[in-house]
């Protein structure tokens with residue numbers, strides 16, 4: 001949140017390398033205020049008006065992963081081929097999404113494995129890129145060139161003036 005506010009204050013473009021498996025959930029996470037801190041950070045990102053380049057290098061799931069895009073600012077999103085993103089990760093997500101099917105089965109473990117094989121067969125970084133508004137899937141070796149292109153495009157978009165921050169939870 002402080003980094004985003006600093007970038008906003010000085011009108012600096014942001015490059016964000018993302019590896020966010022998601023917000024921790026459960027009673028302990030609630031007691032520690034994980035979601036509250038995460039929502040505050042995502043609110044700072046959503047309020048940001050400076051140019052933003054996100055490169056998903058590994059994981060970006062759920063609300064934590066969805067916060068890296070905005071229709072209200074200049075925004076590039078790239079992903080490496082190794083990246084995985086979406087609503088839920090397959091690991092752990094199947095037990096939630098297909099709980100009734102797995103529990104109703106005579107062999108729950110075989111059913112879970114069959115569902116996992118089917119879902120993994122449907123996964124594709126290109127399908128995810130289309131659904132989650134990723135401009136391009138780039139080879140990690142092309143990252144520098146993509147960031148240079150972003151810097152050249154973002155430089156003239158820097159506007160002088162007072163930074164404005166909205167209310168935050």
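The values are calculated or read from the model by the stated rules, or taken from the named source; none is laboratory data. Keep in mind the model is a prediction, meaning the values are calculated, not measured. Here Cβ is always computed from backbone atoms with ideal geometry, including for glycine, and neighbour counts include all displayed protein chains.
Can you name the number of the only condition in (1) more than 20 Å from residue 50 (Cα to Cα); (2) surrounded by 17 or more Cβ atoms within 10 Å (Cβ to Cβ); (3) at pLDDT 85 or above that residue 142 fails?
Among (1) more than 20 Å from residue 50 (Cα to Cα); (2) surrounded by 17 or more Cβ atoms within 10 Å (Cβ to Cβ); (3) at pLDDT 85 or above, the lone unmet condition for residue 142 is (2).
When residue 106 is evaluated against the numbered criteria (1) part of a loop (DSSP other than H, G, I, E, B); (2) at pLDDT 70 or above; (3) touching a strand residue (DSSP E or B) at 6+ places or on another chain (Cβ under 7 Å), which criterion, by number, is the only one it fails?
(3)
Of these, 147, 88, which one is at pLDDT 75 or above and either under 30 Å from residue 5 (Cβ atoms) or in a loop (DSSP other than H, G, I, E, B) (or both)?
The unique qualifying residue is 147.
What pairs can you find where one residue is in the stretch 26-37 and within 20 Å of residue 65 (Cβ to Cβ), the other is modelled with pLDDT of 85 or more and assigned to a helix (DSSP H, G or I), and their Cβ atoms are less than 9 Å apart, with a gap of 6+ or different chains?
Sorted first by the residue in the stretch 26-37, then by its partner, the pairs are 34/28.
Based on what the data block shows, is residue 112 part of a helix (DSSP H, G or I) and modelled with pLDDT under 85?
yes
For the stretch 11-85, give me every one of the strands (runs of 3 or more DSSP E) that falls completely inside it and has 2 or more residues that are over 16 Å from residue 139 (Cα atoms) and within 15 Å of the chain's Cα centre (by Cα).
By residue number, 14-20, 52-61.
Each row is one residue, and each column tells you yes or no for (1) modelled with pLDDT of 80 or more; (2) under 18 Å from residue 151 (Cα atoms).
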{"position": "33", "(1), (2)": "yes, no"}
{"position": "40", "(1), (2)": "yes, no"}
{"position": "50", "(1), (2)": "yes, yes"}
{"position": "56", "(1), (2)": "yes, yes"}
{"position": "83", "(1), (2)": "yes, no"}
{"position": "95", "(1), (2)": "no, no"}
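Within the stretch 17-29, work out how many residues are crowded, with 16+ Cβ neighbours inside 10 Å and either closer than 19 Å to residue 81 by Cα or touching a strand residue (DSSP E or B) at 6+ places or on another chain (Cβ under 7 Å) (or both).
Number satisfying all stated conditions: 4.
For residue 62, all conditions in the list (1) within 22 Å of residue 148 (Cβ to Cβ); (2) modelled with pLDDT under 85 hold save one; what is the number of the exception?
(1)
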